[in-house]
Amino acid sequence: MTDYIDVMVMFLLMLFAGFISYIFLKDVIITVAAVIRKDKNTTKLTPWQMIYHIFIGIAAGVSAILLMLGIIMYFDVKNKHC
C-alpha cells in the first residue's frame, strides 16, 4: 500500500510542478503578445523578469516531465518483477 502512496505523492508533485510552469510561462507569453501587438494597457514584464520567468518555467516543466517518467518507470519495473 505504501507503494501507491509514493506514486500518488509523485503524481501530485508532477501536477504542482506543471502548474507552476504554466503560471510562469503564461506571463512571458502575455508579455510577448503585448509587445507584438504594441498594447499599452497590458502590464509587461521587464527583461530581467522575463529571463527569471523563463528559467523557472522551464525548470518546473522539466521537473514535471521527470516526475512523470519516474511514475512510468515505477510501474514498468513493478510489472516486470511480478
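Every number here is computed from the coordinates shown, using simple stated rules; none is lab data. A quick note: this is a predicted structure, and the numbers were derived from the prediction, not measured. Note: ideal-geometry Cβ built from the backbone for every residue, glycine included; neighbour counts use all protein chains shown.
Checked against (1) more than 15 Å from the chain's Cα centre (by Cα); (2) more than 16 Å from Tyr4 (Cα to Cα); (3) aromatic (Phe, Trp, Tyr), Tyr74 passes all but condition (2).
Among the residues making up segment 24-48, those that are within 21 Å of the chain's Cα centre (by Cα), over 16 Å from Met14 (Cα atoms) and surrounded by 14 or more Cβ atoms within 10 Å (Cβ to Cβ) are Leu25, Asp27, Val28, Ile30, Thr31, Leu45.
What is the residue count in segment 60-71 for residues that are under 13 Å from Phe16 (Cα atoms), in contact (Cβ under 8 Å) with a residue 12 or more places away in the chain and aliphatic (A, V, I, L, M)? Number satisfying all stated conditions: 4. Selection of first residues in segment 34-46 that are outside any loop (DSSP other than H, G, I, E, B) and of second residues that are surrounded by 10 or more Cβ atoms within 10 Å (Cβ to Cβ) and polar (S, T, N, Q), restricted to Cβ pairs under 8 Å at least 6 apart or on distinct chains, gives the following pairs, ordered by first then second residue: Ala34/Thr42.
Pairing residues of segment 1-28 that are more than 21 Å from Asp76 (Cβ to Cβ) with residues that are part of a loop (DSSP other than H, G, I, E, B) and among the hydroxyl-bearing types (Ser, Thr, Tyr), at Cβ distances under 6 Å and at least 6 apart in sequence or on separate chains, gives no pairs at all.
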